[in-house]
């Protein structure tokens, strides 16, 4: 429509033969994704130390390279505690004896390391590695110094599930029963303690999955942290 006093707008007419007009669409920036905040450790643990350590481990490790077939896993017919969800079983003592890389079990969905935290153990301030030791009672996974697998076995051992793969239930087998306790850190940053080294799925659901567990000697037991197997189910 042309108003009074306004020059009419000429009709551009059809495009020349053989010419294609390509419409230009506005560019809309996509919102950036947030990042996953690392989980915090409670129950008297060194919160910042563990958070920074696990963030570093999840990004990669400069430790010894994992060997082929490092983890020996099976899918047993038994169900996870209090459910019919199948459990995945990993032999934690399957690597050869010695210090292991933190990501030796990455293909299974978790990392392993040690966390001295606020624990005062002489000579073990830098004990942040895991190692497989072949002792009189058999092979086991434990904590150790990065250059000496025979030392610092009473430092807590950390099993850290990958950010996108929280566990829905789990059970850890100790080399010697009733010698260890386990701190459970959930995805919602709450925590719990279990003397049975077992967490059932009905308890996990309300917390969004298990982020990591910290296995340490039971009070006054004096026993080393020595574990042989991990059974876990994915979060439903």
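The values are calculated or read from the model by the stated rules, or taken from the named source; none is laboratory data. Worth saying up front: this structure is predicted, and the values here are computed from it rather than measured. Virtual Cβ from ideal backbone geometry, glycine too; neighbours counted across all protein chains shown.
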**OP:** Determine which member of the set 133, 155 is crowded, with 18+ Cβ neighbours inside 10 Å, part of a loop (DSSP other than H, G, I, E, B) and in contact (Cβ under 8 Å) with a residue 60 or more places away in the chain.
**Re:** 155
Original post:
Take the residues of the range 105-130 that are out of contact with any strand residue (DSSP E or B) (no Cβ under 7 Å at 6 or more places or on another chain) and under 19 Å from residue 229 (Cα atoms): which is surrounded by the fewest Cβ atoms within 10 Å (Cβ to Cβ)?
Top reply: 107
Subject >> Residue among 180, 175, 230, 197 that is touching a residue at least 60 places away in the same chain (Cβ under 8 Å) and out of contact with any helix residue (DSSP H, G or I) (no Cβ under 6 Å at 6 or more places or on another chain) >> reply: 230
Subject >> Single residue of the range 200-213 satisfying the filter (free of Cβ contacts under 8 Å to residues at least 40 places away in the same chain and either crowded, with 19+ Cβ neighbours inside 10 Å or in contact with a helix residue (DSSP H, G or I) (Cβ under 8 Å, 6 or more places away or on another chain) (or both)) that is nearest to residue 167 (Cα to Cα) >> reply: 204
**OP:** Collect the residues in the range 164-175 that are at pLDDT 95 or above and either out of contact with any strand residue (DSSP E or B) (no Cβ under 8 Å at 6 or more places or on another chain) or closer than 14 Å to residue 217 by Cβ (or both), keeping them in residue-number order.
**Re:** 172, 174, 175
Subject >> Positions within the range 196-215 being closer than 20 Å to residue 142 by Cβ and at pLDDT below 95, in sequence order >> reply: none
Original post:
Only one of (1) within 17 Å of residue 215 (Cβ to Cβ); (2) not in a loop (DSSP other than H, G, I, E, B) fails for residue 119. Which number is that?
Top reply: (2)
**OP:** Determine whether residue 166 is in contact (Cβ under 8 Å) with a residue 12 or more places away in the chain and touching a helix residue (DSSP H, G or I) at 6+ places or on another chain (Cβ under 9 Å).
**Re:** yes
Original post:
Looking at (1) over 19 Å from the mean Cα position of the chain (by Cα); (2) outside any helix (DSSP H, G or I); (3) surrounded by fewer than 17 Cβ atoms within 10 Å (Cβ to Cβ), can you tell me which one residue 144 breaks?
Top reply: (3)
**OP:** Considering only the range 156-180, state which residues are within 21 Å of residue 127 (Cα to Cα) and over 19 Å from the mean Cα position of the chain (by Cα).
**Re:** 174, 175, 179, 180
